[in-house]
Amino acid sequence: MTGNQGKLLEAKHAFSPFGFNVEQFLIDGKVPEIIEPQCETLDDVADAKISQGLQLLKEIGKEKDALLVEDSGLFIESLGGFPGVYSAYVLDKIGCEGILKIMDDVNRKASFQASARFWDGTKVHKGNGICPGNIIHSIRGENGFGYDPIFVPLDYLEFSTDGLTFGEVKIDMKENFSHRKKALDDILLSLKNVIM
Ligand code: ITT
């Protein structure tokens, strides 16, 4: 359940190897209206999203269907974690250009974070992921979405983007580092414990 096509694509990519067919949750062809409360943490927003989503599933008589929601954001160290839970609003208002203007020149550290919830028809599974990295000084790359063109992930295990932003790499490469992929992997692992 998301209005963000980038998130949808990444969820499809993460779940399809396990035989799940991920589709955008639409009611009458539209993304359902969700009220995102003013919360301090992604976890609280993700909880609010899944409970509203479950209510919607009940209203349309589909409470046995699976439902995935996720809340995520970019946390910039020198800005005290801003935009964090306000990432979607800030992206809409000032974009990547605006972030580059308000950034500290020296400390470029930031992380993407994600909190996911998955309703399997009977219970809710939880997942969290963090992707540490740095904000570069310019906007680079057409791939991905949101803040991807200004973010270079730290090397992780044997993986490196060699200084390229998430906007400059393919989705398979982003998956090696992605906060979202880590959160969805938690859920896949928890599901495996239910299924097997
Ligand atoms: P839904 O709430 O409908 O799922 P949204 O885009 O509003 O979609 P959020 O409220 O979780 O999603 O806001 C997350 C913001 O952080 C949004 O602006 C994203 O573009 C950005 N963001 C999250 N993950 C990202 C990623 O992997 N790459 C780039 N930007 C990301």
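Worth a mention:
- Within the set Gly163, Gly141, Gly167, the sole residue that is in contact with a Pro (Cβ under 9 Å, 6 or more places away or on another chain), more than 30 Å from Gly53 (Cβ to Cβ) and of a type outside the set (Lys, Arg) turns out to be Gly141.
- Here Ile102 fulfils each of the conditions (1) at pLDDT 95 or above; (2) surrounded by 16 or more Cβ atoms within 10 Å (Cβ to Cβ); (3) more than 27 Å from Phe18 (Cβ to Cβ) apart from (2).
- Checking each residue in the range 17-36 for being among the hydrophobic types (A, V, I, L, M, F, W, C) and exposed (fewer than 10 other Cβ atoms within 10 Å of the Cβ) picks out only Ile35.
- Enumeration of residues in the range 26-46 that are touching a residue at least 60 places away in the same chain (Cβ under 8 Å) and more than 19 Å from Tyr89 (Cβ to Cβ): none
- Where a residue in the range 128-146 is touching a residue at least 60 places away in the same chain (Cβ under 8 Å) and its partner, wherever it lies, is within 11 Å of the ligand (Cβ to nearest atom) and in a strand (DSSP E or B), with Cβ under 7 Å and at least six apart: Asn128/Ala114; Asn128/Ser115
- In the set (1) among the polar types (S, T, N, Q); (2) closer than 24 Å to Phe15 by Cβ; (3) free of Cβ contacts under 8 Å to residues at least 12 places away in the same chain, Ser160 fails one condition alone, (2).
- Scanning the range 108-123 for residues that are within 13 Å of the ligand (Cβ to nearest atom) and farther than 24 Å from Phe25 by Cβ turns up at least one hit.
- Looking across the range 173-196, the residues that are in contact (Cβ under 8 Å) with a residue 40 or more places away in the chain, within 17 Å of Asn143 (Cα to Cα) and not in a loop (DSSP other than H, G, I, E, B) come down to Lys174, Glu175, His179, Arg180, Lys181.
The values are calculated or read from the model by the stated rules, or taken from the named source; none is laboratory data. Since the structure is predicted, the reported quantities are computational estimates derived from the model, not experimental observations. Every residue, glycine as well, gets a Cβ built from its backbone with ideal geometry; the counts of neighbours run over all protein chains shown.
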